Amino acid sequence: MTVSGKVVHYDANRGFGFLAPEAGGADIFLHINDIDIDESSLKPGAKVEFDVEETDRGSKAVNVAVTEAAPADDAASARAHRRDNHDHGRDRGDRGDRGDRGRRPRGGHGGGSVDSSSISEEITELLLDSDDDLTAGQIIAIRQRVIDFAVARGWVD
């Protein structure tokens, strides 16, 4: 059965990424060995159609076809812009003065709302950058637990 969705992330250097089904649910793992298209078209936000194959390691996308290119305002540059605006010149490992342990005020996000799909993409990027040994299943599980945690506390919509 063919599924419609969007590219969440694809790292050509590592040869894998994730697709988000349009109907919702867990992101689907995508590996370079399972595609027969130009990897450069797998940019975040590109619309795709694919089949889902169940393996002993979980679901993976096969027979991927890009149906609509990623928007010109691609997510990678937006992510880089958001990181630049939030890092304030610090190294990622430097948390600065965090006496408040990074918590936001109870009952809100302390500003504009954040939706779970945009934070999901950022969490994926952070996990991919953090450890080359994380598997797709581990990334998906960690990301979902973090998002569930944030939603339960009202930090994201």
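The values are calculated or read from the model by the stated rules, or taken from the named source; none is laboratory data. In this text the structure is predicted, and so the values were computed from the model without any measurement. Note: ideal-geometry Cβ built from the backbone for every residue, glycine included; neighbour counts use all protein chains shown.
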Limited to segment 17-55, what total is found for residues that are buried (at least 16 other Cβ atoms within 10 Å of the Cβ) and not in a strand (DSSP E or B)? 9
Count - residues of segment 116-138 that are within 12 Å of the chain's Cα centre (by Cα) and either in contact (Cβ under 8 Å) with a residue 60 or more places away in the chain or on the phi > 0 side of the Ramachandran plot (or both): 7
Among residues belonging to segment 1-49 that are among the β-branched types (Val, Ile, Thr) and closer than 18 Å to residue 139 by Cα, point out the one that is farthest from the chain's Cα centre (by Cα). 32
For residue 130, state whether it is within 25 Å of residue 59 (Cβ to Cβ) and at pLDDT below 80. no
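Quick one: would you say residue 113 is at pLDDT below 85 and part of a helix (DSSP H, G or I)?
no
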Given (1) hydrophobic (A, V, I, L, M, F, W, C); (2) modelled with pLDDT under 90; (3) not assigned by TED's automatic domain parsing to the domain that holds residue 143, where does residue 80 come up short, assuming only one miss? (3)
When you scan segment 10-26, how many residues do you find that are under 19 Å from residue 71 (Cβ atoms) and in contact with a Phe, Trp or Tyr (Cβ under 8 Å, 6 or more places away or on another chain)? 4
